[in-house]
Amino acid sequence: MPPKPAKVGLIFSLAPNATMEQALSALLAAKVDVERPLDEIGVILGAGRLSQLNKLRKLPMFQSVDVDSTVQIAPPDGPIQ
């Protein structure tokens, strides 16, 4: 049995006319792991497979669906890189 594809962090921005409930329902139906709904700013943080990305971007309740990336900043007293 082949291994399951790894999940990546995703950032979902709600469309102006969408509700948080609609968006959460759509993500659960798509089997996306919802990590943190941020209702105040209309954003949902979650995790899903890259193979789902195009399908998720076509859902009308999202203005954008982006892959989350990690940024590491050196400490203030660290050497310049």
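The values are calculated or read from the model by the stated rules, or taken from the named source; none is laboratory data. Being a predicted model, the structure only gives us computed values, none of them experimental. Reconstructed Cβ throughout: ideal geometry from the backbone, glycine too, with neighbour counts over all protein chains shown. Accessible surface areas use protein heavy atoms only, side chains included; no ligands, DNA or RNA. Shrake-Rupley method; radii C 1.70, N 1.55, O 1.52, S 1.80 Å.
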Among (1) among the hydrophobic types (A, V, I, L, M, F, W, C); (2) in contact with a Leu (Cβ under 8 Å, 6 or more places away or on another chain); (3) not in a strand (DSSP E or B) - the single one ALA18 does not satisfy: (2)
Positions within segment 10-46 being within 11 Å of the chain's Cα centre (by Cα) and open to solvent by 80 Å² or more (accessible area, probe 1.4 Å), in sequence order: GLU35, ARG36
Those residues of segment 48-77 which are among the charged types (D, E, K, R) and in contact with a Pro (Cβ under 8 Å, 6 or more places away or on another chain), in sequence order: ARG49
Unique match (being open to solvent by 30 Å² or more (accessible area, probe 1.4 Å), among the basic types (Lys, Arg) and in contact with a strand residue (DSSP E or B) (Cβ under 7 Å, 6 or more places away or on another chain)) among LYS58, LYS7: LYS7
